[in-house]
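Asker: One structure, as structure tokens, below. Some questions next.
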């Protein structure tokens, strides 16, 4: 599990991902496991405030808040994040692995 850190690569890798599930975690837990989000500012349409792009077992997944419209809420209260991925690639293995890392904190 490796966070993608450069904006250009993150944009390229996350293009055309779609919702696959959820991960139960706080912002602080995600930062502890994945480091700071690669997208650390609100999106142009303000639908996401923070998001990560992660490579896992040859696949790319995104973790993002969706329509919170409030960075303070996202960082201090949100505890269920959206997980995205490409095409028909299932996210359950990635979500289980990420939640296991979070539980190990």
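Asker: Those residues that are part of a loop (DSSP other than H, G, I, E, B) and over 17 Å from residue 99 (Cα atoms), I need them from segment 38-57; list them, please.
Answerer: Initially, segment 38-57 is screened for residues part of a loop (DSSP other than H, G, I, E, B), giving 38, 40-50, 57.
Result: 38, 40, 41, 42, 43, 44, 45, 46, 47, 48, 49, 50.
Asker: Can you report the number of residues in segment 1-36 which are assigned to a strand (DSSP E or B), in contact (Cβ under 8 Å) with a residue 60 or more places away in the chain and more than 10 Å from the chain's Cα centre (by Cα)?
Answerer: Here the count works out to 6.
Asker: Exactly one of (1) surrounded by 13 or more Cβ atoms within 10 Å (Cβ to Cβ); (2) in contact (Cβ under 8 Å) with a residue 40 or more places away in the chain is unmet by residue 39. Its number?
Answerer: For residue 39, the failing item is (2).
Asker: So which residues in segment 88-105 are closer than 19 Å to residue 14 by Cβ and free of Cβ contacts under 8 Å to residues at least 24 places away in the same chain, if there are any at all?
Answerer: The one that is closer than 19 Å to residue 14 by Cβ and free of Cβ contacts under 8 Å to residues at least 24 places away in the same chain: 88.
Quick note: the coordinates plus some simple rules give every number you see, no bench work behind them. All figures in this text were calculated on a predicted structure; none of them were measured in a lab. FYI the Cβ positions are ideal-geometry reconstructions off the backbone, even for glycines, and counts take in every protein chain you see.
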